Structures are given as C-alpha cells and as structure tokens.
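Shown next, in structure tokens, is the structure this report addresses.
The values are calculated or read from the model by the stated rules, or taken from the named source; none is laboratory data. Everything numeric here is computed off the predicted structure, so don't read it as measured data. Every residue, glycine among them, receives a Cβ derived from its backbone with ideal geometry; neighbour counts consider all protein chains shown. In case anyone asks, the SASA skips ligands and DNA or RNA and just uses the protein heavy atoms, side chains included. Shrake-Rupley method; radii C 1.70, N 1.55, O 1.52, S 1.80 Å.
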Amino acid sequence: MKKIFLLSLLAMTGLTYQSETTGTKEYAKSAGIFVSRPEVKTDQNTKKTTAAWHMTNMEWIKDYCEAKDVAIEKNYLRLFPEIANVLQETNSVIPMSWRLTEENNETVLHCYFRMPADEVTNLWLTSEETCLVDQETGAQYRIRRTEPDTYRKHFTVRAKKGDVLDLKIFFAPLAESTKEVRIYGIPNWGMMGMPVTVRYQAFATWQPLDYDTIPQFRKPYVHKEHMSEDKPYDAQNWNTWKVMRDAHLIKPLKDGTMALWRTPEATYLAIGFEQNWTTEYWSFGHDTKLVDDRGHQYKIREIQGLPMDELFFMEGNAGDYVAYVLVFDPLPLELTKVTYIVPEGEPFNAWGANWSGCVLSLDVQELRDNQKLFNYHPRIIVK
C-alpha cells in the first residue's frame, strides 16, 4: 500500500486534425494563443462600444482601410468547444484561433477574431512576409490575397460585439507530399515560424491526422463509503477513506505504462499499475499538469469511476495489473510531445506514504500505439 499519484491537467488551447467535408479538406486547427482584451469604451448616448487594438504591427506602414463584408463564423464554438469554458470564466482575454484548410484548389488560413466591441480600430492581419514553408522540401507558399482585402494595411472593422470574424488568407494548394509546414508573417495570431503538422507518417505510409474512438474501460464502484469508521472523510484517518472494487484488469506490463486516446470532446489517458496488496491506497488530484512546448496546460475532468482529491482503497488481488483512466480536455492532434508533471503531494498518515512528484516527457504517438495493451484481461486463477 504505497502508491499516491496526484494528477490533474489544466487549460487547453490547441486542436488540430485533418478531415473531409463537402468541398473542404481540413489540415489543422487551433484554439490558438490568448491575448489580453483591449480597453473597451462605451458611448453613453448611443451605447456603442469601441476599442483600439493594442498590438500594432508594421507601424511604418501607413496604409489604412475599413474592412468591408467580413465573414462571420457562426459555428465558432462548435469548431472550438474548449473555448466555451474560457469565455465563461473571463472576458479579459481574446482567443486568436485559426484553421488551415484546402478549398477550391487553394490553401486557406482562417484567422478568427472575436469582437471585444462593436468597432475595433488599428487591426493588422498580414503582408508580403506571410507564407507557408514545407519543412521537408523548403517550398515556400507565398500569400496570394486576403478576404476581406486588408493586405498590407491596418484596418478598422465594425460588427456586433461578440461576433467572430473569419479573416481569410489564401495560398497555392499544398503538395500531396507535404507533412509539416511552418507559418510566418501573422504576428497577432502568434504565427512567426509556427510549426503545423498536416499529415503524419506511420509504418512508412502517409496517414491523415485523425481521432480515436472513445475507449471502453471497466469502471470501479464504491464497495464501502468508509473503511471502518462512519465519519467524514479525513486524509489523516485512513479508516474514513472509501473502499473501491472491480478495477479494469489488464495483462502484466511495466508499472506506470500509459496509453492515450484523442476524441473531439475529450482526451483519455490510461495508466497501468501492478497491485502489490489485496487492499492498496491511491489518490488522484487536481494539481498535476500536462503542458505542451508553448506552455499551454490541459484541464482534468474526472478519473473514471474513482474519487478526485481524496485518498481511497482499491480491493483486488496482490498480483493484479489494473488500469485507471484520466479524462481531460481535448488534446491538440498536431501535438507530438507533452510534459506530464505530478507535483509533490500533501503529507498524510499511512504506512508507506509516498507523495513525491515527477516530470515526464511523453511521446503522443507512442502512447496511442500502447492502446492495445489496455484491453480488458480477466483474472486467471490457477490452483
């Protein structure tokens, strides 16, 4: 009875995949970076709100225009469902989201801008610096045009506060062999050499980025609300901890082995452990993180069938191999590496208590390849 893992994931920003829809091939998309909202002023007579964009680029370029006939993205929260939670929690930031697609034999970069006011001035999208560069061949896909026409101009835009503008940048179609590009010249969206995976190579065959199906795991249940004392939960009194049964059993594997499944709605991370005792204690908390190389963090939602933020016992057989499933916000499909951080836990009274932390660098594709290791494997008893 010696294992304690305090696990959690924080807020997510990216989501990238390739799919086929009518007339559109989607290479990648991301909820993007978050920037602080500019100061919003309200006219007391008309109630009209205005804001001046605070991240001016190319200040030496004096050309200015008013953007006309800007497309409004009505399905923004369907494209980026993870944004909804952020918008509910705060209105002090603006997500600079984007999608890379192929439409009508052109590559289109959709740059989304959520209006903080009815009128925003001093916006900047792009200039002659903007391009996509194939990371294998070095081919440069230079900008063709923008919609609306704001190329090499600062601009003002008027729309309803809260509307999401769809600002489009057009390039030549990507070659079929293109696997990864870098995007340059779009500073307000953080694209100044940003790497974007559009296809990945597995087993020497080109594969599109795609989602997994939701994994099916046996969920434990509460056998007893308290080990032996009918009192409120107390981390320092193991007699008050819950007792669980019926963990998901798997074939023997190395302790701490992981597997990962990605869906549009959530990420599922399974962790395999050997059970060293008939009754063993565990804990999964909210303060562990998965962090990508840009510092974005991904929030945990639940531990399937298990308590969060409290110690509990799992009953089984010494010698069992069990899997617990952590459910997080959706993970970006273009992400190839992620850092798994378990902070040091709070001390508690129990035999063999262990609350040390760890930092692990994880390869996402390797974790996906591990999925087959987590099929349910019934306990075999030989007498």
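Observations, loosely collected:
- Over all projection directions, the Cα-based convex hull of the chain averages an area of 24.2 nm².
- Taking every DSSP beta bridge that has both ends in the chain, the antiparallel portion is near 90%.
- Beta bridge orientation in the range 142-248: antiparallel %, DSSP, nearest 5: 100
- Using a Förster distance of 35 Å, the FRET efficiency for LEU360-GLU128 (Cβ separation, nearest 0.05): 0.20
- Helical mean residue ellipticity (222 nm; -39500 (n - 2.57) per DSSP H run of 4+; nearest 500) of the chain: -1000 deg cm²/dmol
- Surface share of carbon and sulfur [accessible, 1.4 angstrom probe, percent] for the chain: 49
- Shown are CYS358, CYS65, CYS111, whose ranking by accessible area with a 1.4 Å probe and every protein chain present, most to least, is CYS358, CYS65, CYS111.
- Note on the chain: GNM, Cα springs under 10 Å; of TRP60, TRP189, TRP238, the largest mean-square fluctuation is that of TRP60.
- Three-way shape label, the range 115-242, alpha-carbon gyration tensor, a/c 1.5: oblate
- Charge tally around LYS337: other residues with Cβ under 9 Å, Lys/Arg +1 each, Asp/Glu -1 each, net -3.
- Taking a straight line from the alpha carbon of LYS219, these aspartates and glutamates sit under 16 Å away, with near neighbours fewer than eight places off in the same chain left out: ASP246, GLU302, GLU315, ASP320.
- Taking a ≥ b ≥ c as the square roots of the eigenvalues of the Cα gyration tensor, an a/c ratio of 1.5 or more together with a/b no larger than b/c marks the range 47-160 as oblate.
- FRET efficiency for the pair ASP63 and ASN85, taken as 1/(1 + (r/R0)^6) with r the Cβ-Cβ distance and R0 = 35 Å, rounds to 0.35.
- If only the Cβ of Lys and Arg carry +1 and only the Cβ of Asp and Glu carry -1, the dipole of the range 238-383 around its Cα centre is close to 440 debye.
- Between the range 127-153 and the range 74-101, the Cα center-to-center distance that results, in Å: 24
- Reach of LYS48 by Cα under 17 Å, taken over aspartates and glutamates that are not fewer than 8 positions away in the same chain: GLU39, ASP118, GLU119, ASP163
- Under 21 Å of direct C-alpha separation, and excluding same-chain neighbours fewer than eight residues apart, LYS29 reaches these lysines: LYS74, LYS168, LYS179, LYS299, LYS337.
- Computed label-point distance, nm, for sites LYS224 and TYR211 using a 7 Å Cα→Cβ extension: 4.2
- Once C-alpha pairs closer than 8 Å and six or more residues apart are averaged by separation and normalised to the residue number of the range 178-324, the relative contact order reads 22 percent.
- Taking the chain and dividing mean pair separation by its residue count, relative contact order in percent (alpha carbons under 8 Å, at least six apart): 20
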